[in-house]
Amino acid sequence: MSWQVWLYVAAVFIPLIAFTIQLLFVRLLGRLNAYLATGAIATAFVFSLIGFVSYFSQTEGLFKGHAVHQEGPASAGNEHAEHAEKPHEILVWKGSFDWITLGNDTMASAEQPSPSRLSIPLGVHIDNLTVIMFLMVTFIATLIHIYSMGYMHDDPRYPRFFTYLSLFCFSMLGLVASANVFMVFVFWELVGVCSYLLIGFWYEEKKNCDAANKAFVVNRVGDVGMLIGLGILWTTFGTFNISDLNHSLSDSRLRHEKNYRIVRDSAGDEVPVQLIETNAKGETVKTTYTIPYFMLAVAGLGVFAGCVGKSAQFPLHVWLPDAMAGPTPVSALIHAATMVAAGVYLVGRFYPLFTEEVLLYIAYTGGITLFIAASIAMVQTDYKKVLAYSTVSQLGFMMLALGVGGWAAGLFHLITHAFFKALLFLGAGSVYHSVHTYEMPVLGGLRKKMRITAYTMLVGTLAISGVPFFSGFYSKDAILAAAYYRVIVEPGQLKHIMLFILPAVGAVMTAFYMFRMWLLTFAGEPRGYPALAQDNHGHGHSAHGHDDHHAGNPYDHAHESEPIMTVPLLVLAFFSVFVGWTAWFGLPVDEAVLEYMLSYGAPVRSTDAWSVHWIAFASSIVIATAGIGAGLAYYAPPWAAIVPFWAPQRRYNVPVAFRRRFDPQKAAHRFSGLYNFLAHKWYFDEIYNAVLVQPTLALGRLCTEFDKRVIDGVVNGSAHLTALLSRMEGIFDKIAVDGLVNLVAKVVYVTGDWGRTIQTGRLRNYLMFLAVALVGLFVGVFAWIRG
């Protein structure tokens, strides 16, 4: 194995070592746990940075054109395949060893495709996607660890918090680097456990415990489907190796010659898959398996079901907004930047597995999710809930991109989203740390007291809104281009026009609700609590274990956060701008550098979306303008003049036409039905409560009654019968057994008492009895002799 493999193995295990030390010596280390955890993830980041530089310094022709695998082209998303160079192998660092081996070493044959040898290896697979994801996860995790040292400073369970973070980092890095399905599933479940622990970190409040349980249960629903899909793959191919499966399913002979997807017309009812494996003797063996097209589709749907749960896609999206009950750094790291993106990452990793129908299902799932979540975010008053639904919506964008063939576009948005969403969540934490409330209607004007937080969050807002020169613009442009090509340019696909309309409308709503959030929080004048509600809101114990002493107007006590919290905001703001830039100083005249890096190792060829790049570019401009304009029209303060920050002594009068504002309260009243529908989150919780939760509880109550009345009845009846039999046995024992014994004793006693009467103590009586006895004896003997 190369030294790079050992580098990544070390990067995975360093957080685990830190977790073990923290777990064993948590009381001894105390607050030093934070430094240990932060140092561990920072070391992992340094290792991943070294690996990143080493990988792409060895990659030939990265910017000369899009790379192509040996079986076929390798671009996706905004890939212009006409520029592709000759096919070549993608650079991969990998190493593994067999952990469990069962059965013999006989390879399955085409006639006998069922596996005869079970081998479960442990190993790492490092390609361009792994390198980029690894760098992103460790970098953002390092910043969030630093931020948490300030945010969680006064928490009584401060050491335990960093112990959980170390376990999560190990789990997430292990998931990214896994070489086979078995390891993926193990780490998949570990990140779920970490999510459960951190959502319910403040378990004193019942709602936090309920949120943790809800997240855990909903994710298990998706995991059932994932196990089914993985079981089909194992029983068919007899291997857990992701690289082998992808290599075989990427075969161009299985794919349509124009759209490069596995379709029934080209694959037939039986899909022949040639798997190239290395046996225990080190020999390369080619084995041809056949799998029914229907079963291949079911396997893809099963794997995607697990991704639906983890990435909070419709209809399993309901757990993520409630997961905001955890500490804000947890929301930034796990429920925005990394763990929830694991579902998108796994779809990208397993991409060759999905047939045309499954990809279409993935696209529509993403489209429905992004629209539903964006619509709900528009009416939320809790700015952390706005960001939660925004996360669900952006994950929908990524899934839609993957479904329409934009492999690099979807994963590109995953990376850019990680930076600006982590920035937004940490900014939200900075606001709460200052004002101790999440309610936007009582805020306003915080820009004057929290300039760093306000303007860094503005950078994140501009990025997620798709404003040019910010990272989100380039990734959303790539998604729109892929969607446009899929439904407009490809022949016969216009019936799927909603796959372009949904992300376009969703992008407008994104810009609207994000500027609504920023303007309500930072712009205008402070509003404060209504006078009658001050006693309710101004005192007492607030959520998340903080004492709320901010009566009246939270603005009065607002202040900028400490440097340990604002420095990560500044760093993330920088990358929220530049991580998506092209090589031409950010100008939107070419693909972004990061998208090139992703496209280089795409598992299958995609369609040429570059031909519609300028249409997507123009659409992005219009969409961002419409959304931001609507947000300003409803929520911006009615400025009469603009004072530039670089020349505060100057004032530029605003035209009267732009001073008018729409009243959001009147709009909510006019469309009260729609507003209430969105405020109740499409009634998903109510529907699930009525259809699933209450019937389950009713079934539980029925089982309880059955247990009490039938099971307990049988048990209690048996007990009563046993007691009755015992009483009858007692009576029998007293009357019969004891009676017989007592009768014998009484007879013996009476006989003895009667016999006592002949014991007179007189010698002549005894001589008389002896003579009588002797006479009797003689009479008897004489009679016996005579007879």
* FRET efficiency for ASP712 and LEU32, using Cβ-Cβ distance with R0 set to 51 Å, rounded to 0.05 -> 0.40
* Asked: What is the calculated FRET efficiency for PHE684 to SER2, with r their C-beta to C-beta distance and R₀ = 35 Å, to the nearest 0.05?
  -> 0.10
* To do: Would you kindly state how much longer the chain becomes between MET728 and ASP269 on full extension, computed as 0.36 nm times their sequence separation minus their alpha carbon distance, in nm to one decimal?
  => 157.9 nm
* Alpha-carbon Rg with Dmax, taken over the range 314-429, Å -> 13.7, 42
* In Å, descending, principal axis extents of the Cα set of the range 693-787 -> 103, 38, 12
* To do: Using label points projected 7 Å from each Cα along Cα→Cβ, tell me how many nm separate VAL46 and ILE615, to one decimal.
  => 5.1 nm
* Asked: log₁₀ I(q)/I(0) of the range 382-461 at q = 0.17, 0.21 Å⁻¹, via Debye over equal Cα point scatterers, no solvent, to two decimals?
  -> -0.70, -0.91
* To do: Order the peptides 464-474, 9-19, 730-740 from the highest to the lowest mean number of other Cβ atoms within 10 Å of their residues.
  => 464-474, 9-19, 730-740
* Structure fact -> If each part is reduced to its alpha-carbon centroid, the range 129-157 and the range 734-782 end up apart, in Å, by 105 Å
* Structure fact -> Set LYS214/LYS385; LYS310/LYS384; LYS448/LYS476; LYS385/LYS476; LYS94/LYS310, cut-off 28 Å on Cα-Cα distance; pairs above it are LYS448/LYS476
* Asked: What's the center-to-center distance, using Cα atoms, between the range 663-725 and the range 412-462 in Å?
  -> 38 Å
* Asked: Of the peptides 755-768, 26-39, how do they stack up when ordered by the mean number of other Cβ atoms within 10 Å, highest first?
  -> 26-39, 755-768
* To do: Sort MET149, MET399 from largest to smallest accessible area, using a 1.4 Å probe on the heavy atoms of the protein chains.
  => MET149, MET399
* **Cut-off under 5 Å, modelled amide H: who pairs with GLY580 long-range** => SER471
* If you find the alpha carbon centre of the range 299-341 and of the range 608-632, how far apart are they in angstrom? -> 28 Å
* Using a 1.4 angstrom probe on heavy atoms only, work out the carbon and sulfur share of the accessible area of the range 671-787 in %. => 73 percent
* To do: Mind listing the long-range amide H neighbours of SER119? Cut-off is under 5 Å, sequence gap 5 or more, other chains count too, H placed in the peptide plane at 1.01 Å from N.
  => LEU102
* Structure fact -> For the range 386-391, Karplus-derived ³J(HN,Hα) couplings (6.51, -1.76, 1.60; θ = phi - 60°; whole Hz; x for glycine and proline) come out as 4, 5, 5, 5, 4, 4
* For all pairs of alpha-carbon atoms in the range 663-735, what percent lies in each bin of width 10 Å, listed from the first bin to the last filled one? -> 17, 18, 15, 14, 11, 9, 7, 5, 3, 0
* Structure fact -> In order over the range 715-724: 3J(HN,Hα) from phi, Karplus 6.51/-1.76/1.60, θ = phi - 60°, whole Hz, x for each Gly or Pro, gives 5, 5, x, 4, 5, 5, 4, 4, 5, 4
* Over every pair of different alpha-carbon atoms in the range 361-415, take the mean of 1/r and invert it; report that Kirkwood radius in Å. => 11.1 Å
* With a 1.4 Å probe and every protein chain left in place, work out the accessible area per residue of the range 405-534 in Å², rounded to a whole number. => 25 Å²
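For a protection proxy built on the mean count of beta-carbon atoms within 10 angstrom, sort 161-171, 676-686 highest first, please.
Ranking, from highest mean packing down: 161-171, 676-686.
If you roll a 1.4 Å probe over the heavy atoms of the protein chains, what accessible area per residue do you get for the range 276-381, in Å²? Walk me through the intermediate numbers first.
Working: 2430 Å² over 106 residues.
About 23 Å² of surface per residue is accessible.
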* Structure fact -> P(r) of the range 465-534 over all Cα-Cα pairs, 10 Å bins starting at 0, rounded to whole percent, reads 18, 32, 23, 13, 10, 4, 0
* To do: May I ask you to evaluate 6.51 cos²θ - 1.76 cosθ + 1.60, the Karplus curve with θ = phi - 60°, for each residue of the range 367-376 and list the ³J(HN,Hα) values in order in whole Hz, giving x for glycine and proline?
  => x, 5, 4, 5, 6, 4, 5, 5, 5, 5
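The values are calculated or read from the model by the stated rules, or taken from the named source; none is laboratory data. These numbers were taken from a predicted model, which means no experiment stands behind them. Every residue, glycine as well, gets a Cβ built from its backbone with ideal geometry; the counts of neighbours run over all protein chains shown. When the accessible area is computed, the model is the full protein with side chains, heavy atoms only, and any ligands, DNA or RNA have been set aside. Shrake-Rupley method; radii C 1.70, N 1.55, O 1.52, S 1.80 Å.
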